[in-house]
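Here is the structure we will look at.
The values are calculated or read from the model by the stated rules, or taken from the named source; none is laboratory data. Keep in mind the model is a prediction, meaning the values are calculated, not measured. Methodologically, a virtual Cβ is constructed for each residue, glycine included, from the backbone with ideal geometry; neighbour enumeration extends over all protein chains shown. Each accessible area value is taken on the protein alone, full model and side chains, heavy atoms only, with ligands, DNA and RNA left out. Shrake-Rupley method; radii C 1.70, N 1.55, O 1.52, S 1.80 Å.
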Amino acid sequence: KESGIEDNTLIMFLSDNGGNLEELTPSWRGYLFVPHETLDGKIVRLGNNPSVMPGAADTYQSYGLPWANVSNTPFRLYKHFANEGGISTPLIACWPGVTQKNAITNQTGHVMDIMATCLDLAKMPYPTTYGGREIIPLEGKSLLPILQGKQREPHEAIYWEHEGNRAVRHGKWKLVSSFPNYWELHDMEADRTELNNLVGEYPEIVQEMDSMYRSWARRVGVARWPISGKQEDEDYLRHD
């Protein structure tokens, strides 16, 4: 507003992806990197201490697994996992005259779409090379149609993997696994809280999406978990 460019500026705000289950115990090595005091001289209070309300500048607190789970209500689990509690975040977008006002959409997007959106708005192509080397093609899709209140052509599929926890979203279906467990299958339109595992009812969908995940994992170089330095018999794809 102060610069006079409010009507020509797209503002996008999104939160982190779920509460953090980690607890700052006395043996936590990260303490070495936490400032001893704030810029105005207050001593920083460290650890997993229920008597200290986290959030202030002089706190570096954790709240552990139970509160991490509550923070993501009604979704399952939290950061680190590929369930909805660990991958979902609200996105608020504002661009006067372009974005819908006071509207909510249930269309699925991904953080990789933000780059594609910025390039779309700037009318700029994504480069194919950098420093004389070919680079990985852009996989995001512009969010502009969604921001304008239109239906966007969805991704064929979206994939996740973090420390062995993995998932693939294909249409209304989501295949998800918490390492080292086997897949769960959920209908995101009817059960976004992932309470009803439909693996036994739709084995053909599980097989198809498992194959999709394996192809993606090979293409992008997903490493086996736990990382051992070896890649034997595609074990990095077999968490089942």
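Brief remarks on what is shown
- Contacts under 8 angstrom Cβ, first residue in segment 174-203 being at positive phi, partner of a type outside the set (Val, Ile, Thr) and in a strand (DSSP E or B), 6 or more apart: Glu194/Lys174; Glu194/Glu184; Glu194/His186
- Taking residues in segment 116-127 that are of a type in the set (Asp, Glu), and partners anywhere that are open to solvent by less than 60 Å² (accessible area, probe 1.4 Å), the pairs with Cβ atoms closer than 6 Å and at least 6 places apart or on different chains are Asp120/Ser142; Asp120/Leu144.
- Filtered by the rule that a residue be out of contact with any strand residue (DSSP E or B) (no Cβ under 6 Å at 6 or more places or on another chain) and within 19 Å of Leu77 (Cβ to Cβ), segment 171-189 gives Trp173, Pro180, Asn181, Tyr182, Asp187.
- Residues of segment 214-230 satisfying the condition of being in a loop (DSSP other than H, G, I, E, B) and either surrounded by 13 or more Cβ atoms within 10 Å (Cβ to Cβ) or modelled with pLDDT of 85 or more (or both): Gly221, Val222, Ala223, Arg224, Trp225, Pro226
- Residue match in segment 54-70 (condition: surrounded by 14 or more Cβ atoms within 10 Å (Cβ to Cβ) and either of a type in the set (Lys, Arg) or closer than 30 Å to Ser142 by Cβ (or both)): no
- Check on Thr89, farther than 26 Å from Glu184 by Cβ and part of a loop (DSSP other than H, G, I, E, B): no
- Near pairs, Cβ below 6 angstrom, 6+ apart or cross-chain, from segment 56-73 (under 17 Å from Glu37 (Cα atoms)) to any residue that is among the aliphatic types (A, V, I, L, M) and assigned to a strand (DSSP E or B): Tyr60/Leu46
- Taking the criterion of being out of contact with any Ser or Thr (no Cβ under 7 Å at 6 or more places or on another chain), open to solvent by less than 40 Å² (accessible area, probe 1.4 Å) and in a loop (DSSP other than H, G, I, E, B), the only residue of segment 108-148 that qualifies is Gly140.
- Residue in segment 29-43 that is surrounded by 13 or more Cβ atoms within 10 Å (Cβ to Cβ), touching a helix residue (DSSP H, G or I) at 6+ places or on another chain (Cβ under 8 Å) and closer than 23 Å to Lys79 by Cα present: no
- For the condition open to solvent by 50 Å² or more (accessible area, probe 1.4 Å) and assigned to a loop (DSSP other than H, G, I, E, B), Gln100 qualifies.
- Qualifying residue in segment 37-46 (condition: farther than 29 Å from Pro154 by Cα, of a type outside the set (D, E, K, R) and at pLDDT below 90): yes
- Complete set of residues in segment 1-19 that are open to solvent by 60 Å² or more (accessible area, probe 1.4 Å) and either touching a Ser or Thr at 6+ places or on another chain (Cβ under 8 Å) or assigned to a helix (DSSP H, G or I) (or both): Glu6, Asp7, Asn8, Leu14, Asp16
- Per-region count, segment 140-174, residues under 26 Å from Gln207 (Cβ atoms) and under 15 Å from the mean Cα position of the chain (by Cα): 14
- Qualifying residue in segment 185-206 (condition: part of a helix (DSSP H, G or I) and buried (at least 16 other Cβ atoms within 10 Å of the Cβ)): yes
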